[in-house]
Each structure stands twice: as structure tokens, then as C-alpha cells.
Amino acid sequence: MSQLEETPVDPFAIDVEPLAGPRLDERDLKIPPLIRRNTIFLTLAEMFVGTGQQMVPTLGSIVVYSFLGSATFAGISNSIIGLTRALVSYPSGHLADRRGRKPVLLLGLALSLLGAIVMGTSVVRSSFPLYLFGILLFGIGSGTSQQQRRLSAADMYPPSRRGEGLGFVLTGSLVGALGGPAIIGLADTLGRSTNLGQIAAAWFIVPFAIAPSIILILLIHPDPKDIAINLERFYPGCAAAEAGTATIEESDQVTIATFLRNYPQFVAFVCMFVLYANMSMMMSLAPLQMSDEGMPLAEISLTVAAHVVGMFGFSIPIGRLVDQIGRRPTILVGIFISTVGTAFAALSASYALIMAGLFLVGVGWSCGNVSTAALIADTTAPAVRGRAMGANITFGSAASILAPIVGGVFLEWFGAASLVVVSVILMVAPIALLLRLREARPGVYL
């Protein structure tokens, strides 16, 4: 975090008028110490929560199989997580617009913590209904808090530095994802010494990963929504965030349809839907393809890790690219990278090329993830921004549920090469929409 520049201005003084004098070019703005501190807290919270969230893909199918003795519904844990994320993102965003980001963040974390305890208890008691209740609580909590961390990062930065702020916070997801094996290792030791078993112990450890995030969120001050509303007071000399005539202002009548009628917002939704669809399709089907080629589970696991690195490992440079060249060009770069990655992964039997392909799919998604979040923040007032971000995640989550099913049908009927065709067809719509989007300069739309 030392790369974030500080300014001697005291950002705590939010009730005073901005410093007098000529306005500065937003690209010359320094990051106030308070914003820097809040960004660190958000990034660390992302790291701790991400570690616990890795238990669902790691343990979910194993737990369900142990209950039912069949693989038929082994994927139900991931399905519930995806479904709850799609269902809660918009309502939780609406709540954050009314009550602020911190209360909703804390609510989500508390539900996730409770859900982990319930799932651990369900394993001990061998209760499948109790497990389903626990995964439902965990999914609601995860979907609620995950959106708010990204929203909070966007709130605290002016358009010229917004991608950078998002990039720093999203990097915490990488550390969290790679921290999952540490919980599994600790659970093995704890499970043996307490007779809980490794899986139950892992779920009981998760609350200890979530608890530090709750403390970190409590330390954030003031609420990121208040920072967004008073942005010029935290960045003296900064003009009010500009987004041309595209900005959606505060209104009780704002709905998802309002965002769909706004062209930049519509473009963001479509782009993220497609990038989510392509990524979830490849990540669901590539491991099966690798297994059919006789590749061992260890190699498949490393490939998944490489993909996660692609998703989050370059968030900071991508964020800076978003601020320097604009949201539109960065999304176009992401679409190109994602398509190339799909071709590598689907058309090759080479382990190295498949790994490279899934890594590139992750990088392409990251370009879109940072860019669309910045674009949505650029074109919405703070009082409606939570709903806009929630709508974007809802569409992306829907894509992550539908695309693996459609891709599986194509893979079965037409072979792996058909996945490249699906990917190319998917990319046509966002490219056409992006070419019509007019971004005068990064964060400003005509």
C-alpha cells in the first residue's frame, strides 16, 4: 500500500469548505491518509473473507456426497451460492443506498459467520437439512458483503483514481483464495485432536477468518457512502465527479429498468454478463476436459490456481490502466484476452496451453470486473450506486448459473471446439455496444 500517495490535507474535517483556489486536474490528486487507511482495511477484510469463502468449492460437493451417497446433487452447494448472490445483490445494494455501506457489510459478514457455524454443526450431527440452511445463510451473507466491499472501494475515489482503488481492494481476493489450503491444513490437525473430523473442523475455523474482517470494517470511518457524497471535501481542488449527461441521480423511483435505459450502464451489464458467462463456462468444463485427457488432479488444481491468479493477481495494474486509458478500451482488451484464452483452453490437449488459456480467461474477466465497476460508479450518484452495482452482479451471477449448462450441452454434442464458437458469439454483442459508447476521457461519457 506504500504506492498510494499521501496528502497533508486532513480528510477528517468533512464539515469544512474545500480549499480555495483553482481546481486541479484529477489525475494530479493525491490520496488522503484516511482514504488510504480505509482502503487497507477493505483489502485486508477482502483477504480474510476470501479465505473462508474458498471452503464452499473445496468442501461443498464432498459434504453433499457424504450425506446423500450420490453425486447427483453434489454441485448443489455452488448452485445455492450462485443463486443467493443473484437474488440478494440488488436488495442489499438498495439497503446500502438507504443505510450506508458499513451496516450492510457487517450484516453480510455476520450471516456468513453464522452460516459457517451451522454447516459445521450439520456435519457433526449428520443433518443434510441443517447443512442446506447453513449454506443458504452463508450464501446470503457472502453475496451481501462481497458486493459492498467493491462498492465501498469505488465510493472513496474520484473517477481519475477509481480503478486504482478498486484494484487494491480486489487484490485481497487473491490472497484470500490462496489462503484456503491453510484452513484445510489446520482443520486436519484440529479434526484429529478433537474427533470433529477435518470437514467439520474446517467450517468451525471459518468464523475465525471472518471475525477479523468484522473488526476491520468497524474501523472504517466515515462510511464510504458519506465519503462519496462529500468527495470534494476529501480531495480539495477536485471537481464534482463528472459523467456527462449519463449520470443517474437520486430518486425513489430508480429500478433495474432505470439502469437498463442508461446506455453506459447497459453496456456495463452486458459486458459483465458475457465475461462471467465465458469464465464460468470454461472453469466448469475445462477440468472435465483435462480429466478426459488423463491429466492428474494435482495438475488440474494448479490450473485452477493459475486461473484465480489471473482473476485477481493483476487487479492493481489493471485498475491503473482503467484510469489511464479509460473503461471502454480496457473492457475491449479484456474481451480479446478472454476469447484468446478460451481458444487456448478448448482447442489444445497441451497442459501448458490449457493452463495459459484459463489464466488468460481470468485476466480478461478481471479487466471487465474492474472497468465495469468503475463505469457504474462514474454514472450513478452515491445514493443509487448500490442498486446499480447490485444489478450488475445479479446479471453476472445469472450468467454464471446458465453458461455452464449451455456449454455442457455444446461440449457433449459438438466437442470442445464448439466452446470457442460459443465464446466468439457471446463477445459480438458487447463489442458492438462498446464501439458505440463515447468516453471522452476516463470516467466521462457523452
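Tabulated data for the structure shown
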{"item": "Test: VAL384 is over 21 Å from ARG150 (Cβ atoms) and out of contact with any Pro (no Cβ under 7 Å at 6 or more places or on another chain)", "result": "no"}
{"item": "Of residues in region 369-425 being of a type outside the set (A, V, I, L, M) and not in a helix (DSSP H, G or I), the one farthest from the chain's Cα centre (by Cα)", "result": "GLY415"}
{"item": "Selection within region 73-99 - touching a Lys or Arg at 6+ places or on another chain (Cβ under 9 Å) and surrounded by 19 or more Cβ atoms within 10 Å (Cβ to Cβ)", "result": "TYR90, GLY93, ALA96, ASP97"}
{"item": "Test result for GLY197, modelled with pLDDT under 90 and either surrounded by fewer than 23 Cβ atoms within 10 Å (Cβ to Cβ) or more than 23 Å from VAL88 (Cα to Cα) (or both)", "result": "yes"}
{"item": "For ASN278: the one exception among (1) modelled with pLDDT of 90 or more; (2) not assigned by TED's automatic domain parsing to the domain that holds LEU360", "result": "(2)"}
{"item": "Near pairs, Cβ below 9 angstrom, 6+ apart or cross-chain, from region 184-200 (within 14 Å of MET55 (Cα to Cα)) to any residue that is surrounded by fewer than 17 Cβ atoms within 10 Å (Cβ to Cβ) and among the basic types (Lys, Arg)", "result": "GLN198/ARG192"}
{"item": "Inter-residue pairs, beta-carbon under 6 Å, first within 25 Å of VAL175 (Cβ to Cβ) and in region 315-330, second in a loop (DSSP other than H, G, I, E, B) and at pLDDT below 95, 6+ apart", "result": "ASP323/PRO442"}
{"item": "Complete set of residues in region 92-119 that are within 24 Å of ILE248 (Cα to Cα) and touching a helix residue (DSSP H, G or I) at 6+ places or on another chain (Cβ under 7 Å)", "result": "SER92, GLY93, HIS94, LEU95, ALA96, ASP97, GLY100, ARG101, LYS102, VAL104, LEU105"}
{"item": "Out of ALA373, ALA398, ALA440, sole residue that is out of contact with any Pro (no Cβ under 8 Å at 6 or more places or on another chain), aliphatic (A, V, I, L, M) and crowded, with 22+ Cβ neighbours inside 10 Å", "result": "ALA373"}
{"item": "Condition broken by GLN265, with the remaining ones in (1) free of Cβ contacts under 8 Å to residues at least 60 places away in the same chain; (2) touching a helix residue (DSSP H, G or I) at 6+ places or on another chain (Cβ under 7 Å); (3) assigned to a helix (DSSP H, G or I) satisfied", "result": "(1)"}
{"item": "Those helices (runs of 4 or more DSSP H) lying entirely in region 291-355 with at least 1 residues modelled with pLDDT under 90", "result": "297-312, 327-347"}
{"item": "Test: residue in region 359-367 that is within 22 Å of GLY294 (Cβ to Cβ) and in a helix (DSSP H, G or I)", "result": "yes"}
{"item": "From ALA403, ALA356, residue being touching a residue at least 60 places away in the same chain (Cβ under 8 Å) and either not assigned by TED's automatic domain parsing to the domain that holds GLN324 or not charged (D, E, K, R) (or both)", "result": "ALA403"}
{"item": "From the options MET295, MET282, residue that is out of contact with any His (no Cβ under 9 Å at 6 or more places or on another chain) and of a type in the set (A, V, I, L, M, F, W, C)", "result": "MET295"}
{"item": "Subset of region 100-120 [surrounded by 17 or more Cβ atoms within 10 Å (Cβ to Cβ) and farther than 17 Å from ALA211 by Cβ]", "result": "GLY100, ARG101, VAL104"}
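The values are calculated or read from the model by the stated rules, or taken from the named source; none is laboratory data. All values derive from a computational prediction rather than experimental measurement. With ideal geometry, Cβ positions are generated from the backbone for all residues, glycine too; neighbour counts draw on all protein chains shown.
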